[in-house]
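Visitor: Submitted below is the structure of interest, expressed as structure tokens.
Rule-based calculations on the coordinates, nothing more; no lab input. Note that this is a predicted model, so its numbers are computed, not measured. All Cβ positions, glycine included, derive from the backbone under ideal geometry; neighbour counts span all protein chains shown.
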């Protein structure tokens, strides 16, 4: 797959019609864990804000809607953390609907990976943020509730790196979090890659896909 800066430039070139209107636009970046969604969203936001005065673009991650670990424990889902059923999909949908229609500041949750929990109202989306880059695994998933997200997006992007690259990145992610190599491999090859297959197999087509 081309570099994330090249991907961001390609996406930016497709967004001209959304850069000058007064209506807020939502740009979705979906893909498996380890695909580079968060980094691409940040690069794209920086690029868009270089093009336009007033810093009108902001990234909005889906990860703030992880269920808390005590809820996952009660549901016997802690081992599946990161799967579609371990997110508050309805809450995420409601937030996007509010962002799409509201001209008031909107507080959003942010997932703190070092603490393994979501921090409520951790960031504020302001009225001048007219172009929001939404990033997350399941933005294009064709399942109940998740499929209701699609009409809210003005432009969609899917990252589809080869699975061997995803696996390598995911193992390194767990190593970076202090896991031993065997544990890191087990977590990456178990739950993470299972979720990657769900995303790749059950997502609807995006307006723009990067696969090589």
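Visitor: Are there any pairs, at least 6 apart or on different chains, whose C-beta atoms fall under 9 Å, with the first in the stretch 191-212 and without any contact (Cβ under 8 Å) to a residue 60 or more places away in the chain and on the phi < 0 side of the Ramachandran plot and the second buried (at least 17 other Cβ atoms within 10 Å of the Cβ) and in a helix (DSSP H, G or I), and if so, which?
Guide: 193/166; 193/167; 193/170
Visitor: If you don't mind, there's one more thing I want to ask. Given the condition touching a helix residue (DSSP H, G or I) at 6+ places or on another chain (Cβ under 8 Å), surrounded by 14 or more Cβ atoms within 10 Å (Cβ to Cβ) and under 24 Å from residue 14 (Cβ atoms), answer yes or no: does some residue in the stretch 103-124 qualify?
Guide: No: the stretch 103-124 contains no residue that is touching a helix residue (DSSP H, G or I) at 6+ places or on another chain (Cβ under 8 Å), surrounded by 14 or more Cβ atoms within 10 Å (Cβ to Cβ) and under 24 Å from residue 14 (Cβ atoms).
Visitor: Now, a different point. Residue 76: more than 20 Å from the chain's Cα centre (by Cα) and not in a helix (DSSP H, G or I), yes or no?
Guide: So residue 76 passes the test.
Visitor: Follow-up. Within the stretch 31-75, how many residues turn out to be closer than 13 Å to residue 118 by Cα and touching a residue at least 40 places away in the same chain (Cβ under 8 Å)?
Guide: 8
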